[in-house]
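Bear in mind these aren't lab numbers, they're just calculated from the coordinates by the rules spelled out. The shown structure was predicted, so the numbers you read here are calculated from the model rather than taken from an experiment. With ideal geometry, Cβ positions are generated from the backbone for all residues, glycine too; neighbour counts draw on all protein chains shown.
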Amino acid sequence: MSTEKEILALEDRRCAAMTAGDLASLEKLLHDELLYTHSSGVTDTKASWLLSMKSGKTRYKSVKCSGQQVRVFGDVALVTGRVHIEAEINGQPRTLRLMFLNAWAKTPQGWKFVAWQSAPQPV
């Protein structure tokens with residue numbers, strides 16, 4: 001399997017774990033140094049992002065990516081694309097249509113999700 005296909009398969013697993021609330025599977029995909037910067041500008045660490053889902057503060061109802069492109073630079077893979085997220089944040093329904101850039105780093109334990117940054121899609 002090509003690295004690009006492997007990364008896209010990992011992306012699918014990450015999104016499925018997020019929507020299923022399967023934090024054990026999700027945690028296995030996350031790098032310990034994860035920085036998850038939301039479209040609001042708030043940045044979570046691995047621990048704070050997982051806690052927001054575990055506590056119920058953030059619930060991902062659906063995460064649908066499109067137009068994903070993977071670029072591999074040695075032990076780093078960058079993924080760009082668009083995502084449509086249906087979520088409940090602090091009990092309020094939210095619909096997010098975002099552009100994103102995320103990064104995966106190759107580690108001795110395999111590829112790990114190390115960074116996410118998103119911004120609202122232009123209208």
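Take every Cα pair under 8 Å whose residues are at least 6 apart in sequence, average their separation, divide by the length of segment 50-96, and the relative contact order is 37 percent. Note on Tyr36, Tyr60: ascending count of other Cβ atoms within 10 Å places them as Tyr60, Tyr36, the fewest first. Given Cα pairs under 8 Å that are at least 6 residues apart, what percent is the relative contact order of segment 3-120? This gives 26 percent for segment 3-120. Other residues within the sphere of radius under 9 Å centred on the Cβ of Lys46, judged by their own Cβ, net out at -4 (K and R +1, D and E -1).
First check a/c for segment 75-123, with a ≥ b ≥ c the square roots of the eigenvalues of its C-alpha gyration tensor; if it is under 1.5, answer rounded, and if not, answer prolate when a/b is larger than b/c or oblate otherwise. Taking the square roots of the gyration eigenvalues as a ≥ b ≥ c, segment 75-123 is oblate. The H on the amide N of Ser39, modeled in the peptide plane, is under 5 Å from the matching H of Ser118, each at least 5 residues off or on a different chain. Exceedance of the 21 Å cut-off in Cα-Cα distance is limited, within the set Lys28/Lys54; Lys5/Lys57; Lys5/Lys64; Lys64/Lys106; Lys57/Lys106; Lys46/Lys112, to Lys5/Lys57; Lys64/Lys106; Lys57/Lys106. Sorted fewest first by neighbouring Cβ atoms within 10 angstrom, Ser39, Ser2 come out as Ser2, Ser39.
Residue-wise HN-Hα couplings along segment 89-101, as the Karplus relation 6.51 cos²θ - 1.76 cosθ + 1.60 with θ = phi - 60° gives them from phi, are 10, 6, x, 9, x, 9, 10, 10, 10, 10, 9, 9, 10 Hz; Gly and Pro carry x.
Per-residue 3J(HN,Hα) values for segment 35-41, derived from phi via the Karplus relation 6.51 cos²θ - 1.76 cosθ + 1.60 with θ = phi - 60°, read 10, 10, 9, 6, 5, 6, x Hz in sequence order (x marks Gly and Pro).
Between Met1 and Glu33, residue separation times 0.36 nm minus the direct Cα-Cα distance comes to 8.9 nm. For the chain, the alpha-carbon coordinates run over 40, 34, 23 Å along the three principal axes, in decreasing order. The H on the amide N of Val76, modeled in the peptide plane, is under 5 Å from the matching H of Lys106, each at least 5 residues off or on a different chain. Between 0 and 90 degrees, the angle of helix 3-20 with respect to the longest Cα principal axis of the chain falls at about 20 degrees. One Cα centroid belongs to segment 48-65, the other to segment 75-111; the line between them spans 12 Å.
Positive-end ranking of Val70, Ile89, Thr107 along the dipole of segment 3-120, with charges on Cβ about the Cα centre, is headed by Ile89.
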